[in-house]
Amino acid sequence: MPTNHLHLLAAALAMVLLTFAVAVAMFFARFGEMRRKRLHPQAIATSAAMAARLERTGPADNFRNLFEVPVLFHALVAVALALNLVPSWLVVGAWAFVALRVVHSLIHCSYNRVMHRAVAFLAGYLLVLGLWIAFVASVFQRASA
């Protein structure tokens, strides 16, 4: 497998690891708070009940976020690998996206300052949008060559 392919796959795997790490953080935050408040698991059986009873929802909110815009990133990785079209700029952009999502997750799961989180989110969103646009242009350029 060519080097660019391996580096792109590594970036996708880093996103998967981030998702698992946030899931672990969510588990500890959720069950720690439930234990401190002596809540029975059935007391938070729905998202509405959870929002009403639990205060620390950052990790759970971030976990859900990792299945929104990052899905577009994972789709791009899959398409690029399937088409065997993995230019260096895509690898660099992929790692930049991963870094922005790590920053977003760290903010969301810790001090959760909305404007700081929004900057990381918007930068990642615009980056993945730009990667898709550039990638589609590359596909059409390759097809016309």
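The values are calculated or read from the model by the stated rules, or taken from the named source; none is laboratory data. Keep in mind that what you see is a predicted model, and the values were worked out from it rather than measured. Quick reminder, even Gly has a Cβ in these numbers, built from the backbone with ideal geometry, and neighbours come from all protein chains shown. Calculation scope for accessible area: heavy atoms of the full protein, side chains included, ligands and nucleic acids excluded. Shrake-Rupley method; radii C 1.70, N 1.55, O 1.52, S 1.80 Å.
Observations, loosely collected:
- Rg followed by Dmax, in Å, when the chain is reduced to its Cα trace: 18.3, 66
- Relative to the dominant Cα principal axis of the chain, helix 88-109 is inclined by about 10°.
- Dipole magnitude for the chain: about 580 debye, using +1 per Lys or Arg Cβ and -1 per Asp or Glu Cβ, origin at the Cα centre.
- Label point 7 Å beyond Cα of A118 along Cβ direction - residues of the range 40-64 with amide nitrogen under 19 Å: 58, 61-62
- Rolling a 1.4 Å probe over the heavy atoms of the protein chains gives the range 93-145 an accessible area of 59 Å² per residue.
- Ranking by accessible area, most exposed first, for I133, I44 with a 1.4 Å probe: I133, I44
- Protein heavy-atom surface of the chain, 1.4 angstrom probe: 70% of the accessible area is carbon and sulfur, with nucleic acids and ligands not counted.
- Principal-axis tilt of helix 69-83 within the chain, Cα atoms, nearest 10 degrees: 30
- Estimated 222 nm signal from helices in the chain, with DSSP H stretches of n ≥ 4 weighted -39500 (n - 2.57), rounded to 500: -28000 deg cm²/dmol
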